[in-house]
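What follows is one structure encoded as structure tokens, with my remarks underneath.
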Amino acid sequence: MLLRLLPRFARSHHGVALIEFAIVFPFFFLLLFGGIEITRLILIQQKLEKAGYVLADIVTQYNPATVTGAAGEVSVTEITSNVFPQLSRIMNPYADTGRQAAIITSVEKLNGNLFIRWQIAGAGSLSGCDSQP
């Protein structure tokens, strides 16, 4: 009996469009949401690059730090209170304070040798640190 129904099922065209849709749908789905995610990635990368430029510009407007720590000089407290908060403002609406971080380093060349005068990491979950050569 099943062998008699087999030719009838072979000639039937009911459900062909549904089968074709089921085969093609995953590729369309991947193409659609892949395009959306690639666009988001490009936007976030551009925003992050601009944030780096802006933070570097802000830091270079401060006077270099001296031992006395006069007003207007770059210092750990100055960067953590005035510079780092700008990062989340610049990255908004993509700001993720739990995972974002910025590292600002002052490098000086003395007698042909490079020295890290200070380095501060923060703007997210990292705490500020100050290091000398």
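Derivation of every value follows stated rules applied to the coordinates shown; laboratory data play no part. None of the values given here were measured: they were computed from a predicted structure. Using ideal geometry, Cβ is built from the backbone for each residue, glycine included, and neighbour counts are taken over all protein chains shown.
Could you state the orientation-averaged shadow area of the convex hull built on the Cα atoms of the stretch 10-49, in nm² to one decimal?
Quarter of the Cα hull surface area: 2.7 nm².
Go through 2-14, 40-52 and give me the packing order, highest mean Cβ count within 10 Å leading.
Highest to lowest by the protection proxy: 40-52, 2-14.
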